[in-house]
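This report refers to the structure that appears directly beneath it.
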Amino acid sequence: MKRAEILLSLAGVVSAAAYLLGNPSVALVGAAVMAHYSMARTGFRPSLRVSREVPERGTEREPVKTSLTVENLAPLDGRVRIRETSGKVFARELTVEIDPLEKKRLEQTLIPLSKGRVKLRAEAVFEDGLGLFRKTFPVEGRDEVTVFPSPLGIREAMRERRQISALSETEKALGIGAETLEFEELREFLPGDDITRIDWKATSRLQEVVVRVFRRETLADVYVLINVDGKFRREMRTGKVDYLVLILAQLIAYFRRFGHAVRVVAYDDSGIVRFVGHSSDPLAVLEELGLKGEEGLPPLRPSRLAGESALGRIVRKIRSGSEGSGVLKAAMKPGTGSYVIIIDDLGLHPMEIVKAARVLARRGSQAVLLYPNPVLFIDRSSIDEKTLEAAYKAYRERKMLARKVSGWIKVIEVGPRDLLPRVVKRL
């Protein structure tokens, strides 16, 4: 209960006692209490201005220093309490005594508890000297701060991260055949495998986790549409090995191992570069395609989903004689009802990938996009405050883009950890 309410209750009780007892002195005490309350209430006309300077950027769970200016515009002394009401930011409540017409400067430390654009909500409560009355004022200033993950947190997350196996997820997304009860082989456990398939006897014998693999009902033709354009052809920082070469060899070896026929369609921005109809040996396919590593990473910031400009279509028509993009032409190659894997950077031309997915859907094909996110390939030892902001903004934009495109095609994000050691050793 507030002090003003206690005072009013006391005045009411004293007045009632004076009436029941018929004692004038007690009635005077009650009247005096009411008079004091009325004078205090009439004289309580606070005017307060509180402003806060907040940096534009901060780091998750790290202190952010802010400066506060508290200005009492009324001839009334009192106490000011400043508190942060946003649930995504922690800050201790500040209390300061202030005299009439006084101006004070304070410092407040904010600790962001989440990443992204965090809304700030602060309020200042002015109380009179006796604590009877109070009034709330808004805190002026920046109401939003962009919070980035700390470099230490990113390094720890990258060390602990376990990507879902791109191969098993791709096979599930395409729905290639159904598993039977006929046992086929034992193999090492991969992230994303069903733990109920672990063979505990073999695991105990070999001292590594082993799972049982069962034969599938049907075999299918798998088409791999791969972008070999210079804007997409980039090397993996770890070991200076071309990641695109590795993921293509891994796909061919994986699906050929289960008896599926694999055909490769290589395309660039203008059209189809090469078609390999019989992909029995991954190394032979790579040699025929003539893939060579390109230094650096693709652009981190993705393109808009709005599509290509009219000028871009004109330039492509001059180069290739058609306005159709390379991925769209490659989508015409698989037969009806095929299983299609597109390996491309979603951020380069998202609308063209959507168009290709629509074409494949109309032809009755099951399609999935293997999407190497370039943000995941940034060398973690080079992450600092300068590169953190650009990388985080690009990662958020790419995540939003992937959610939009997933309405047309299944998007599987892959990174450097999505590699089979045996494929890397063989290459």
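Kindly establish whether LYS355 is more than 17 Å from LYS231 (Cβ to Cβ), more than 32 Å from the chain's Cα centre (by Cα) and at pLDDT 85 or above.
Judged against the criteria, LYS355 is not a match.
Residue check: is GLY239 modelled with pLDDT under 70 and either outside any strand (DSSP E or B) or under 20 Å from VAL264 (Cβ atoms) (or both)?
Taking the combined requirement at face value, the residue satisfies it.
Give the residue, chosen from SER38, SER51, SER47, SER15, that is within 60 Å of the chain's Cα centre (by Cα) and modelled with pLDDT under 80.
That would be SER38, the only listed residue that is within 60 Å of the chain's Cα centre (by Cα) and modelled with pLDDT under 80.
Considering only residues of the range 64-84 that are surrounded by fewer than 14 Cβ atoms within 10 Å (Cβ to Cβ), at pLDDT 90 or above and not small (Gly, Ala, Ser), which is nearest to PHE133 (Cα to Cα)?
This residue is LEU73.
Determine whether GLY312 is at pLDDT below 85, in the same structural domain as GLY230 (by TED's automatic domain parsing) and at positive phi.
no
Hey, any hits in the range 277-291 for a residue that's in the same structural domain as ALA331 (by TED's automatic domain parsing), modelled with pLDDT of 75 or more, under 17 Å from LEU348 (Cα atoms) and in a loop (DSSP other than H, G, I, E, B)?
No, because not a single residue in the range 277-291 is in the same structural domain as ALA331 (by TED's automatic domain parsing), modelled with pLDDT of 75 or more, under 17 Å from LEU348 (Cα atoms) and in a loop (DSSP other than H, G, I, E, B).
The values are calculated or read from the model by the stated rules, or taken from the named source; none is laboratory data. Not measured: the values here are computed from a predicted model. Quick reminder, even Gly has a Cβ in these numbers, built from the backbone with ideal geometry, and neighbours come from all protein chains shown.
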